[in-house]
Amino acid sequence: MQVHLLKSKVHRAQVTASSLDYEGSLTIARDLMEQVGFVSYERILCSNLANGQRFETYVIPGESGSGAIILNGATAHLGKVGDRLTIMSFTEVAAKQAEGWQPRVIVLGEKNAVINTRGI
């Protein structure tokens, strides 16, 4: 049996920009992606803490060290600069492996600097 579990999470990511005319996705600074194990074009679920919106899209890498969290395309309608997002990805694992599962989690503070980690 396979179990669907949280794989990676970026909590309290602050939106730094939006680009309505871009074809779609969420840009995340590459170093933040690497810390939680996101891969380019991975499907993600986002929740906006400011307005309660939830949406699915995919990740594209931004400049490492930039703190970039950019709403692209249609997602630009679901938040604004300064909003805080929770960004999650999921995986399927064998039920036995799920018993000790730990997702990779980072919590962000000002300028999207990492202030806490778990499972890393």
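A few points about this structure:
- Structure remark: mean-square fluctuation, Gaussian network model of the chain, C-alpha springs under 10 Å; the largest value among Gln14, Gln97, Gln53 belongs to Gln97.
- Label-point separation in nm, Ser47 to Ser19, each point 7 Å along Cα→Cβ: 2.8
- The GluC sites (Glu not before Pro) of segment 1-62 meeting both criteria, a DSSP state outside H, G, I, E and B (loop) and at most 11 other C-beta atoms within 10 angstrom of the site's C-beta, are Glu23.
- Proximal lysines relative to Lys7, as straight alpha-carbon distance under 17 Å, when same-chain residues fewer than 8 apart are discounted: Lys96
- Proximity of backbone amide H atoms, modeled 1.01 Å from N, is registered between Lys7 and Ser89, Phe90, Thr91 at under 5 Å, excluding neighbours fewer than 5 places apart on the same chain.
- Cross-link reach is defined here as a Cα-Cα straight distance under 20 Å, omitting same-chain residues fewer than 8 places apart; for Lys9 the aspartates and glutamates meeting it are Asp31, Glu34, Glu42, Glu56, Glu63, Asp83, Glu92, Glu99, Glu110.
- Given [x] 2, 12, 19, 22, 20, 13, 7, 3, 0, 0; [y] 2, 13, 26, 26, 20, 10, 2, 0; [z] 2, 12, 23, 25, 19, 10, 6, 3, 0, the label whose value is P(r) over Cα pairs in 5 Å bins from 0, in percent derived from this model: [z]
- Sparsely packed loop sites in segment 38-116 (the chymotrypsin sites (Phe, Trp or Tyr not before Pro) outside DSSP H, G, I, E and B with at most 16 other Cβ atoms within 10 Å) comprise Tyr41, Trp101.
- Ordered by the count of other Cβ atoms within 10 Å of each Cβ, fewest first, Leu20, Leu5, Leu85 give Leu20, Leu5, Leu85.
- For segment 1-64, diffusion coefficient by Stokes-Einstein and Kirkwood Rh (Cα), 10 °C, 1.306 mPa s, µm²/s: 123
- Backbone HN-Hα couplings from phi across segment 11-20 [Karplus 6.51/-1.76/1.60, Hz, Gly and Pro as x]: 10, 6, 5, 8, 4, 9, 6, 9, 9, 4
- Mean separation of Cα contacts under 8 Å, 6 or more apart, over the residue count of segment 1-107: relative contact order %: 49
- Taken as Cα centroids, segment 74-120 and segment 56-73 sit 13 Å apart, rounded to the nearest whole angstrom.
- Computed from backbone phi, the HN-Hα couplings of segment 100-111 come to x, 4, 10, x, 8, 10, 10, 10, 9, x, 4, 6 Hz, rounded to whole numbers (Karplus: 6.51 cos²θ - 1.76 cosθ + 1.60, θ = phi - 60°; Gly and Pro given as x).
Throughout, read-outs are computed from the coordinates displayed, never taken from laboratory work. None of the values given here were measured: they were computed from a predicted structure. Using ideal geometry, Cβ is built from the backbone for each residue, glycine included, and neighbour counts are taken over all protein chains shown.
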